[in-house]
Amino acid sequence: LAKTTQPISMDSYEGQEVNITCSHNNIATNDYITWYQQFPSQGPRFIIQGYKTKVTNEVASLFIPADRKSSTLSLPRVSLSDTAVYYCLPMNRDDKIIFGKGTRLHILP
Amino acid sequence: GAGVSQSPSNKVTEKGKDVELRCDPISGHTALYWYRQSLGQGLEFLIYFQGNSAPDKSGLPSDRFSAERTGGSVSTLTIQRTQQEDSAVYLCASSLVQGTGGNYGYTFGSGTRLTVV
């Protein structure tokens, strides 16, 4: 199972773009990079997933370089409601996923 | 159902009693996972089901913990002789394992908050 490293916490202001970078040096060939968001008292929620290059959906963008040893979650124009814990997870169909401690993002007014 | 349903949402029990936590996954999802999250901590993997079998029970913290899944659907996590350190939110997730093309996303329920007093 690939080990991940991401910042423990980040602060930003409303309206800013937030980028959270995760390193996963020993990612497996069949792993997809997946990000989850967790609000207090709720289960984690799937945000975005990608294999390489760039993926964008209505919530976020995910940038993955060619070597796939890191990934960056980009949240455009954050609001107070984006305050949450964000988890970076290499995933494949054969392994359970192990959650790290995630990045605690705090959006300030 | 439309999402993963867990019951009860809250459970307070006395130390030494047994508890059963239920998870109803999304219809058709073959994989089911149990996690535990203590206050302010990350998610701790407990057990994984593929269909009715549990190929990975490595996360169960002690033999007081057991889980089963019947009919490839509903799962029950049982904790016997509960201890105060068992107090946590117990989260269930299910996924539709696909052959190719990605999207191995899990859908989580809202969890059961267990308090052992």
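Just a few scattered comments:
- Condition met for A:Lys3 (charged (D, E, K, R) and part of a strand (DSSP E or B)): no
- Subset of segment A:32-52 (residues that are aromatic (Phe, Trp, Tyr), part of a strand (DSSP E or B) and within 9 Å of chain B (Cβ to nearest Cβ)): A:Tyr32, A:Tyr36, A:Phe46
- Every pair of residues 6+ apart whose Cβ atoms lie under 6 Å, when the first sits in segment A:8-20 and is free of Cβ contacts under 8 Å to residues at least 60 places away in the same chain while the second is among the hydroxyl-bearing types (Ser, Thr, Tyr): A:Asn19/A:Thr72; A:Asn19/A:Ser74
- Of the numbered criteria (1) over 22 Å from B:Arg36 (Cα atoms); (2) at pLDDT below 95, the one A:Trp35 fails is (1).
- B:Val12 being at pLDDT 95 or above, outside any loop (DSSP other than H, G, I, E, B), among the aliphatic types (A, V, I, L, M) and under 18 Å from A:Gly43 (Cα atoms): no
- Residues that are free of Cβ contacts under 8 Å to residues at least 40 places away in the same chain and part of a strand (DSSP E or B) within segment B:47-68 comprise B:Ile47, B:Tyr48, B:Phe49, B:Ser53, B:Ala54, B:Pro55, B:Asp56, B:Phe65, B:Ser66, B:Ala67, B:Glu68, listed in sequence order.
- So B:Pro25, is it crowded, with 22+ Cβ neighbours inside 10 Å and either under 22 Å from A:Gln37 (Cα atoms) or in contact (Cβ under 8 Å) with a residue 12 or more places away in the chain (or both): yes
- Under the condition of being farther than 24 Å from B:Cys92 by Cα and assigned to a strand (DSSP E or B), the residues counted in segment A:53-96 number 14.
- Positions within segment A:77-109 being among the basic types (Lys, Arg), modelled with pLDDT of 90 or more and crowded, with 16+ Cβ neighbours inside 10 Å, in sequence order: A:Arg104
The values are calculated or read from the model by the stated rules, or taken from the named source; none is laboratory data. Keep in mind it's a predicted model, so treat the numbers as computed, not measured. Here the Cβ is made from the backbone with ideal geometry for all residues, glycine too, and neighbour counts use every protein chain on show.
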